[in-house]
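Written out below as structure tokens is the structure these notes cover.
The values are calculated or read from the model by the stated rules, or taken from the named source; none is laboratory data. This is a predicted model, so every value here is computed, not measured. No Cβ is skipped: glycine too gets one built from the backbone with ideal geometry, and neighbour counts run over all protein chains shown. Only protein heavy atoms, including side chains, enter the accessible area calculation; ligands, DNA and RNA are left aside. Shrake-Rupley method; radii C 1.70, N 1.55, O 1.52, S 1.80 Å.
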Amino acid sequence: MNESPRVAGNIIRRMEMRFVNPILKSPYALILPALAICVCFSVIPALMAFRNSFFSVDYVAGVDRFAGMANYRSIFTDGAFIQVFRNTVVFTFFSAAFGIPLAVLTAVFLNSNSPLCNFTQGVVFTPHVISFVSVSTLWTFMMDPQFGILNYALGLLGIRPLMWLLGENTSLPSIIIVSVWKTLGYNVLIVVSALQTIPREVYESAMLDRSGPVRTFFHITLPMISPFFVFLITTCVAQTLNTFDLVRLMTGGGPKNSSNLMVYWIYETGYLHFQVGKAMAGAVIFLFFVGAVSLLNFALTSRRAYYQ
Amino acid sequence: MKKIVSLIAFIALAALQTAGWRSPGPSPHSGVSLSSGTASAAEGKTDVVLWNVFADNSDTGVFLSNAARDFTAENPEIKVTIVGQGGYDAVAERLEAAAASGTLPTLAIIEETFLGRFHPRAADLSKYVSKDTIDNYQKSLLASSRINGLLATLPFNRSTPVLYVNRTLFDRSGVKGAPSTWDEFAVMARKLSDPENGVFGAGICWDTDAWIFESVLYSFGGEIISPDNRTILFGRNDIAANVVKLFQNMYNEGVLFNPYIHQDDPWAVIGSAFLNGKVAMFLGSNGMFGTYEKLMSEAGYELQLQTHPAGMDELSVATGGGNIIMFDSATEAQKRAAGRLIEFLARDRYVTEYAALTGYLPTTVSSLETGVIKDLARRSPSYKIAYDQMRHAHRRPLTKNWKAIYKLLTEDLRRCLTYADTDAASAMRDAAAACQKILDENPD
């Protein structure tokens, strides 16, 4: 009888037990693929950005010279950077401040048994699945100062027409409106899912205790869905901080940087003005800012979340 | 301990990546192995990749692909790939990315002023294109081809701003001839305006790169930038502000069609108004003539091109359009093959065919003497207008910062027409100061 296949099998099994199994049991081995992707596409580019922020870099001219803090000095003395940073904060704050309450109200309505639910669902979710290019084209037409439907509607109400995307005072509010409209569907989806996790018995008890709809909303509905708010606020803030498409497609950051946001500024400074080092200095500052906002967000919202 | 091991592994990985990090700048091995290169190399062919500024299905795209087919029939050892990019800015942005990643094409058509940006990567064309061919190009079109003694580009789809005139509307209003000065332009615009029928005497679009503004400025004797690219000049006198005021006043009078109070692309807005008989004249590139002539004729209007109006005795105008650049990152064999392609495209047959198809300028001296161009000029004097105007070409800004400068300038120009009560003088001063800051921060 030939014993060699059995011996070989035993050796492989022993090797498996000795080397492969401990690796597979290790949590680090299991997260390795995700970690590798994260390191390659996030960590290393971030390190490169950090390095380039101290250099004067021009890929076309072949320049790669240490510049010390010059790029950082340049952005802090650049009025445009300060303005764009402020715009980004304002844009993020108002997009979240209007977008999330609106999503909650719409979701509460959709969670009821109103006959208008299906229609409203369609209206609310459609923007979420439309591409940014289509959304921008649609709103650009609607916001045309001469022929746009928005100014026509304002005219019917006796209000003077607005310049919308063309005005220095109106361009940022205009893209906030579009951003809230575009993200409403996704936010509503999250809140509706949250509402459906609340047991019906809780509402029945509230009814027995003669709790009105407003009181029920503030004392039952909101606390019960609060864990979802942590997720919703975090994703909403992260999404709006990283807005690029709307600016690129609708205003190009203008007029006079009034609607320019950080991510577009980084692209514009690096790719259009060919100042890679300065753009990377802006990116590093923005990275720390986003990190700080996320930490603050977790600290504030997770403490107030009610977990069952 | 585990944390320390993880940290060390992470740092090692990052260091490895950093060590293998390609330093920016020209590399003898970069930009050669484009995706199509491997297959062609296996077939023993030399690859030439040309990035075309227009889409593949545009007139230029079809022309280039037909010309490439003829060229490869004559030169079977060369494979030519034409890649449509969809606009001057799109080409520039992709070249920027390609320069960083070492994947520059062999040739690209770039807007003539982008030479200021890409010349550090350009090959010397005088080494790969014969002297006879180079000498045959119109001298005025070569004005923006040389930089620091290097012949870095050669003309391809070249243009100049000319006055588009709806002759039918002129005749209906009893206006004879066409304006040769800006004063006449304003007077005729008043006569041509017909508010009851929504007709404006004139229209203006500064263009996305302020090209039309630049040309009007030159026609008044103004300048954008000093020849050494160190000083912004348009804020140093009143010429730029007066150009803006001319159009602001016409708009306030109700005789100028203003695309900047609309949200859409200004060229699309003004073009549509002109084709619909709502604008009697505007400045546009002669390269649009082929398309506009067809569309105006279908709409029942007679189109004429007229010489750019002058603001002083001697006319001075901008040139525009695209030049071909060859990149130094290509192999010697690719550069020689690309040089042969450029020579092929400079033959009279292709220069005349392209000019007749699109309205762009015939780029060579000998092509002007061909029967095709003479017939074209006889049949439609409009073609001749642009050819003759080339004598008055003004050198364009050739700084790497031009894109950043024109973006700022265009925003202020746009604002002056969106809000026509904006003080033009302070707007131009502010724009000039901001543009000067760009030059100071990032000198050539």
(request) Tell me what the protein assembly as shown gives for mean residue ellipticity at 222 nm when only DSSP H runs of n ≥ 4 count, each as -39,500 (n - 2.57), the sum divided by the residue total, rounded to 500 deg cm²/dmol. (result) -17000 deg cm²/dmol
(request) Pop a pseudo-label 7 angstrom from the Cα along the beta-carbon direction at both B:Val187 and A:Ser4 and give the gap in nm to one decimal. (result) 10.9
(request) Rounded, prolate or oblate: pick one for segment A:70-304, where a ≥ b ≥ c are the square roots of the eigenvalues of its C-alpha gyration tensor, a/c under 1.5 means rounded, and failing that, prolate if a/b is larger than b/c, else oblate. (result) oblate
(request) Working with all protein chains in place, sort A:Trp181, B:Trp267, A:Trp139 by solvent-accessible area computed with a 1.4 Å probe, largest first. (result) A:Trp181, B:Trp267, A:Trp139
(message) Not counting ligands, DNA or RNA, and with a 1.4 Å probe, what is A:Met15's accessible surface area in Å² rounded to the nearest 10?
(response) 100
(request) Ignore the peptide's own chain and count Cβ atoms of other chains within 10 Å of each Cβ in B:87-94; give me the average, rounded. (result) 1
(request) Quickly rank B:224-230, A:93-99, A:295-301 as a protection proxy: mean count of other C-beta atoms within 10 Å, highest first. (result) A:93-99, B:224-230, A:295-301
(request) Identify the GluC sites (Glu not before Pro) of segment B:274-361 meeting these criteria: DSSP loop state and at most 15 other C-beta atoms within 10 Å of the C-beta. (result) B:Glu302, B:Glu314
(request) Compare the Cα positions of B:Leu256, B:Ser180, B:Leu50 along the charge dipole of chain B (+1 at Cβ of Lys, Arg; -1 at Cβ of Asp, Glu; about the Cα centre) and return the one farthest towards the positive end. (result) B:Leu50
(message) If amide hydrogens are placed 1.01 Å from N in the peptide plane, which non-local residues have theirs closer than 5 Å to the one on B:Gly321?
(response) B:Glu112, B:Ser159
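Please work out whether segment A:4-52 counts as rounded, prolate or oblate from its C-alpha gyration tensor, where a ≥ b ≥ c are the square roots of the eigenvalues and a/c under 1.5 means rounded, while otherwise a/b larger than b/c means prolate and anything else oblate?
It is prolate, given that a/c is not under 1.5 and a/b is the larger ratio.
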(request) Enumerate the whole-percent occupancy of each 10 Å bin, from 0 to the last occupied one, for all C-alpha pair distances of the protein assembly as shown. (result) 2, 11, 19, 21, 19, 13, 8, 4, 2, 1, 0, 0
(request) Amide H neighbours of B:Asp47 under 5 Å, at least 5 residues apart or on other chains, H built in the peptide plane: list them. (result) B:Lys79
(request) Keeping all protein chains in position, work out how much accessible area A:Ile159 exposes to a 1.4 Å probe, and write it in Å² to the nearest 10. (result) 80
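Rank these residues by their accessible area, most exposed first, probe 1.4 Å: B:Arg190, A:Arg160.
A:Arg160, B:Arg190
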(message) Quick check: from the Cα gyration tensor, does chain B come out rounded (a/c under 1.5), prolate or oblate?
(response) oblate
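Quote the convex hull volume per residue of segment A:106-242, based on C-alpha atoms, as a whole number of Å³.
156
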(message) Please list, ordered by chain and number, the residues whose modelled amide H lies under 5 Å from the amide H of B:Asp56; skip anything fewer than 5 residues away on the same chain.
(response) B:Gly84
(message) How large are Rg and Dmax for segment B:34-136 when calculated on the C-alpha trace, in angstrom?
(response) 14.3, 38
(request) Would you mind working out the accessible area per residue for chain B, using a 1.4 Å probe, and quoting it in Å²? (result) 40
(message) Taking the Cα centre as origin and putting +1 on Lys and Arg beta-carbons and -1 on Asp and Glu beta-carbons, what dipole magnitude results for chain A, to the nearest 20 debye?
(response) 640
(request) Estimate for me the total accessible surface buried between chains A and B (protein heavy atoms, probe 1.4 Å, no ligands or nucleic acids), in Å² to the nearest 100. (result) 3600
(request) Please average, across the residues of A:139-152, the number of beta carbons from any other chain that are within 10 Å of each residue's own beta carbon, and give a whole number. (result) 2
(request) Take every residue in peptide A:274-284, count the Cβ atoms of other chains within 10 Å of its Cβ, and give the average of those counts. (result) 2
(request) Read phi for every residue in segment B:371-387 and hand back ³J(HN,Hα) as whole Hz from Karplus 6.51 cos²θ - 1.76 cosθ + 1.60, θ = phi - 60°, with x for Gly and Pro. (result) x, 4, 5, 5, 4, 4, 5, 5, 5, 9, x, 4, 4, 5, 3, 5, 4
(message) Within 10 Å of each candidate Cβ there may be at most 10 other Cβ atoms; applying that plus a DSSP loop requirement, which trypsin sites (Lys or Arg not before Pro) in segment A:139-242 survive?
(response) A:Arg210
(request) Specify the residue with the greatest mean-square fluctuation among B:Gly198, B:Gly235, B:Gly320, computed from a Gaussian network of chain B linking alpha-carbon atoms under 10 Å apart. (result) B:Gly198
(message) Only four residue types carry charge here, +1 at the Cβ of Lys and Arg and -1 at the Cβ of Asp and Glu. Report the dipole size of the protein assembly as shown about the Cα centre in Debye, rounded to the nearest 20.
(response) 2300
(message) Given a Förster distance of 22 Å, report the FRET efficiency between A:Gln83 and A:Ser294 from their Cβ-Cβ distance, rounded to the nearest 0.05.
(response) 0.40
(message) Let's test this: bin the Cα-Cα distances of segment B:285-380 at 10 Å from zero up to the farthest pair and state each bin's percent.
(response) 13, 33, 32, 16, 6, 0
(request) Compute the long axis of helix B:424-441 from its Cα atoms, compare it with the longest principal axis of the Cα atoms of chain B, and write down the angle in degrees, 0 to 90, nearest 10. (result) 10
(request) Give me the accessible area of A:Trp265, 1.4 Å probe, in Å² rounded to the nearest 10. (result) 10
(request) Output ³J(HN,Hα) for segment B:139-156: one whole-Hz value per residue in order, computed from phi by the Karplus curve 6.51 cos²θ - 1.76 cosθ + 1.60 with θ = phi - 60°, and x for Gly and Pro. (result) 4, 4, 7, 8, 4, 9, 9, 9, 8, 6, x, 9, 8, 9, 9, 9, x, 10
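Is there a pair in B:Lys176/B:Lys278; A:Lys256/B:Lys191; B:Lys131/B:Lys335; A:Lys278/B:Lys400 whose C-alpha atoms are over 25 Å apart, and which pairs would that be? Numbers along the way, then the final one.
Numbers: B:Lys176/B:Lys278 19 Å; A:Lys256/B:Lys191 36 Å; B:Lys131/B:Lys335 16 Å; A:Lys278/B:Lys400 16 Å.
As for pairs spanning more than 25 Å Cα to Cα, those are A:Lys256/B:Lys191.
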(message) Between helix B:2-19 and chain B, what is the angle of the helix's C-alpha long axis to the longest principal axis, kept within 0 to 90° and rounded to the nearest 10?
(response) 70
(message) Running a GNM on chain A with Cα contacts under 10 Å, which residue among A:Val123, A:Val263, A:Val284 ends up with the highest mean-square fluctuation?
(response) A:Val123
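Quick one: what do you get for segment A:34-181 if you divide its Cα Rg by 2.2 N^0.38 Å?
Compared with the compact-globule rule of thumb, segment A:34-181 sits at 1.51.
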(request) For segment A:104-115, take each phi angle, set θ = phi - 60°, evaluate the Karplus expression 6.51 cos²θ - 1.76 cosθ + 1.60, and give the result in whole Hz per residue in order, putting x for glycine and proline. (result) 5, 4, 5, 5, 4, 5, 5, 7, 7, 9, 5, x
(request) Could you please put B:His308, A:His128 in sequence from largest to smallest accessible area, using a 1.4 Å probe? (result) A:His128, B:His308
(request) Only counting protein heavy atoms at a 1.4 Å probe, give the residues of segment B:255-277, ordered by number, whose accessible area falls by 40 Å² or more when the other protein chains are present relative to the chain alone. (result) B:Ile261, B:His262, B:Gln263
